[in-house]
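Written out below as structure tokens is the structure these notes cover.
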Amino acid sequence: MGQTVAVIPAWNESATVGAVVYAALDARLVDAVVVVDNASTDATAAMAAAHGARVVREPVPGKGEALRAGVAAAGGANVLVFLDADLVGLRPEHVDRLVAAVASGQADMA
């Protein structure tokens with residue numbers, strides 16, 4: 001399996017983005033985490049970086065713009081897993097189940 005990157009678009013999610021980053025980083029099947037700070041006015045970028053994510057900034061507001069920037073930042077990843085920055089209760093095994101379905105060829109998208 002090639003590289004798997006978690007892409008997390010985030011707009012003013014400083015209260016929750018850290019836990020989502022940790023869950024993605026702790027997933028066995030995720031190699032890297034990219035948080036796209038989408039024109040936040042709070043400490044989202046700083047929180048994401050402090051929790052271990054690579055942070056890219058997308059100044060144009062909108063989830064589509066953030067996803068586009070995240071895909072570009074993921075480079076040549078074979079699998080992308082998109083996670084919302086406000087997912088409460090996300091655990092590494094949840095992320096691994098999503099990635100495994102695609103990586104194993106059982107699904108093109110999960």
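For this structure, a couple of remarks:
- Here is the size of the chain from its Cα atoms: Rg then Dmax, 12.9, 40 Å.
- Here the spin labels are modelled as points 7 Å beyond Cα on the Cα-Cβ line, and at ALA15 and ASP86 they lie 0.9 nm apart.
- Using a probe radius of 1.4 angstrom, the carbon and sulfur fraction of the accessible surface of the chain is 55%.
- Extension gain, ALA110 to VAL71: 0.36 nm times the residue separation minus the Cα-Cα distance gives 12.4 nm.
- Fully extending the segment from ALA101 to ALA50, taken as 0.36 nm per residue of separation minus the present Cα-Cα distance, adds 15.4 nm.
- Shown are HIS51, HIS94, whose ranking by accessible area with a 1.4 Å probe and every protein chain present, most to least, is HIS94, HIS51.
- Whole-number accessible area per residue in Å² for the chain, which is evaluated in the context of all protein chains at 1.4 Å: 52
- Expected 222 nm ellipticity per residue - DSSP helices of 4 or more, -39500 (n - 2.57), all of the chain, to 500: -10500 deg cm²/dmol
- For the range 63-110, the equivalent ellipsoid derived from the Cα gyration tensor has semi-axes of 19, 17, 8 Å, listed largest first.
The values are calculated or read from the model by the stated rules, or taken from the named source; none is laboratory data. All of these numbers come straight from a predicted model, not from anything done at the bench. Every residue, glycine as well, gets a Cβ built from its backbone with ideal geometry; the counts of neighbours run over all protein chains shown. When the accessible area is computed, the model is the full protein with side chains, heavy atoms only, and any ligands, DNA or RNA have been set aside. Shrake-Rupley method; radii C 1.70, N 1.55, O 1.52, S 1.80 Å.
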